[in-house]
Each structure stands twice: as C-alpha cells, then as structure tokens.
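Input: a single structure, listed below in structure tokens.
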Amino acid sequence: MTTVLQGDVDVPGIGKTKKIWIFGGLGVAGAYVGWRWYQASRGSGEMDDGLYSTTDQSEMGRSTTGGPYNPAGNTGSTETDGTTPDTIDDNAEWTQRAVERLTNAGYDPAVIYAALGEFLARQALDKSEASIARTAMASAGEPPIGRPWTVIEESSTGTGTLPAPGGVRAVASAWDSITVSWSAVSGASSYQVFRNGTSVGTSAGTSFKLSGLTQKTTYRFAVAAVGSTGKVGTKSGEVSATTMAAPTGAKPPTSAPSKPKVPPYTEVVARSGDSISKIAARYGKSWQTVWNFNLQYRSAATVAILKARGPNKIFSGTRIWVPR
C-alpha cells in the first residue's frame, strides 16, 4: 500500500502531484459523502438547515415544513391523518354554513338569510337581525372576505327601527288631489307614503301631494320613516280623506304618464337568500345602481312591491332587472 502511494502523478494543467495527496483527498470526500448519506437515511433531524435549500432537503426526503421524515420523498407539506380541512373560501359558503347551523338551532332559514344579507352589506340591523348575525359569527366564525366584521345595530329608538311619524293628516286640496303631511322623525332620511296599503312614493320632507285621483272618492294613507341605510321604519296609523266633486267641465287625466324607454338589461330570478346587494355583486354592479334602475323602469305595481319589501327582502322567484 505504501508503494502504491509513493511517487508522483502528472495531472494535466497542474503538473506533477504526489499520489498521497490525490488519494487522500478522494478518501476525505468519500468519507464525507458516506457520512451525509448515513445521517439522511437515519432521519435524525440533525441536518444543517443552513446548508441545503428547501428543494435539496425535500429531494432527500426531509420535510421542509416541520413534518415527520419521509424517506420516500417529501413534497414539502406536513402529513395529515387523511382528512380534508374544513375551510370556507367565500362569504356565500359562510352564509350557507351559518344558515345550516342556526336552522338546526331553531331559527327560520328565511329570516337568517335576510339578516345575514344585510349584515354582509354592512347595513344597520335591528335587534333581532343583530342577534342573528352575532350568533352566526359565534357558530361559523367571521366571514372570510372583508374582515374584520362588526355588527352595526340601529339605535335611534332603542328597538332597532325608526318610530312611526306622528301628526299624520290627509287633506283634499282639489277634486283630484290630496296632500298628506306628518311630523318629522329624528334620524329619518326620507319618508315612504302608503295609499290604501300600497307604497305610492317617497318624500324628503314632511308632506306629499297625490294627484290624478278620482273625484268624491275616499282614500286611506299611512307614512313610515326611512333610515339612512334604506330600512323602512314602523308605519303610522292610517288616516283618510275624500276628494272633492269635480267642477263642471273638468276632465280627469285619461292616462298616467308613460315611463321612459327602458335601456338594455338582464332579468335575474332571485334565489333563496338573495338580496339586491348579492345580485348586483354577481354582475359587477353596485346595489344602488340595480335598485334605482328597477324603481325607475319597472311598473308602478312592481315598484310598490319592491319598496314595501326593501332592497334586502327580495323573495325567491322575484325578477330583478340588472342594467347592462
């Protein structure tokens, strides 16, 4: 062996080099490689993380995320017990989860959908709706999109809704018109007027004139305050007024003013739990744009129904127009 290591070797580019240096270097390199293989095969966890990249360690079978050793080749993720994590990716899934759990607790699904629709639209809730939203978050956690979430509760009257206007009066101002007036309500942004139980319009002030009525006919009126979020408060008691007799030669209007030409739109049939906000979001529109489009171009009867329900009380099967 000593004889083999004696003498020199002519290494190209270097010149004559002693054999013992060459064989000695090869031996050290072989020993180091063997030691590293031994450590990796044992999975001792003593591998220097500063030496290998995560790719290198993964290829050697070592977990790069703190998981157990996997000599067959680790993919970089921790091993699990074989189950799939129960995650919620969007607010629609969160709503479904919350509805299922609250329904099992005895809540009405339709009421839950309506309350959570307003909650996700960040609208002020009455006490019952606020309780549902808080219970939903306690059961299903916060909605994943738009965090952090806070329940906004109406507090103008202590009951969650604006009170009914007082001092409501209806006076026939002509043979075909009646003027309704009322006292202001603190916190109201507008007022909704009802004739014979159907909404006929809104007013920013404390009076509203209805024209085009039939002579010598009695009408019933009520008024409700509307908050800044669009929620309609408690309706007042009804008052009545009777139009006067038409003067000789007076001619009543032959037809109501026609609505303007309707721009292009897409008709959407509301699903269970839908609101104007949800429908508008699916088409990249704001809820105000969709809501105002329907109020402007739908028939008087449809507008009355929509106003009576409000933008967050859309029933399943309701047809909503979404402007293109």
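The values are calculated or read from the model by the stated rules, or taken from the named source; none is laboratory data. As the structure is a computational prediction, the values presented were derived from the model and not from experiment. Every residue, glycine among them, receives a Cβ derived from its backbone with ideal geometry; neighbour counts consider all protein chains shown.
State yes or no: is Ala280 at pLDDT below 80 and out of contact with any Leu (no Cβ under 6 Å at 6 or more places or on another chain)?
Details: at pLDDT below 80: no; out of contact with any Leu (no Cβ under 6 Å at 6 or more places or on another chain): yes.
Spelling it out, it is not the case that Ala280 is at pLDDT below 80 and out of contact with any Leu (no Cβ under 6 Å at 6 or more places or on another chain).
Say we look at region 214-240 and pick out the residues that are among the hydrophobic types (A, V, I, L, M, F, W, C) and buried (at least 20 other Cβ atoms within 10 Å of the Cβ); which of these is nearest to Asp126 (Cα to Cα)? Give the derivation first.
Kept after step one, since they are among the hydrophobic types (A, V, I, L, M, F, W, C), are these residues of region 214-240: 221-226, 232, 239.
Among the residues that remain, those that are also buried (at least 20 other Cβ atoms within 10 Å of the Cβ) are: 221-226, 232.
Working: Phe221: 25, Ala222: 22, Val223: 20, Ala224: 16, Ala225: 15, Val226: 13, Val232: 11 Å.
Among them, the one singled out is Val232.
State which residue is surrounded by the most Cβ atoms within 10 Å (Cβ to Cβ) when the search covers only region 277-295 and only residues that are more than 20 Å from Ala92 (Cα to Cα) and out of contact with any helix residue (DSSP H, G or I) (no Cβ under 8 Å at 6 or more places or on another chain).
Checked region 277-295; the qualifying residue surrounded by the most Cβ atoms within 10 Å (Cβ to Cβ) is Phe293.
What is the residue count in region 171-228 for residues that are within 34 Å of the chain's Cα centre (by Cα) and not in a strand (DSSP E or B)?
The number of residues fulfilling the criteria is 11.
Can you name the condition, by its number, that Arg101 falls short on among (1) outside any helix (DSSP H, G or I); (2) more than 15 Å from Lys278 (Cα to Cα)?
(1)
Of the conditions (1) over 11 Å from Val223 (Cβ atoms); (2) surrounded by fewer than 20 Cβ atoms within 10 Å (Cβ to Cβ); (3) modelled with pLDDT of 80 or more, Ser155 clears all except one; give me its number.
The failed condition is (3).
Look through region 121-140, keep the residues that are in contact with a helix residue (DSSP H, G or I) (Cβ under 7 Å, 6 or more places away or on another chain) and outside any helix (DSSP H, G or I), and return whichever of them is farthest from Ile152 (Cα to Cα).
Going through region 121-140, the residues in contact with a helix residue (DSSP H, G or I) (Cβ under 7 Å, 6 or more places away or on another chain) turn out to be 121, 125, 129, 132-133, 135-136, 139-140.
Checking which are outside any helix (DSSP H, G or I) leaves us with 121, 125.
Details: Ala121: 10, Leu125: 6 Å.
Per the stated criteria, the residue is Ala121.
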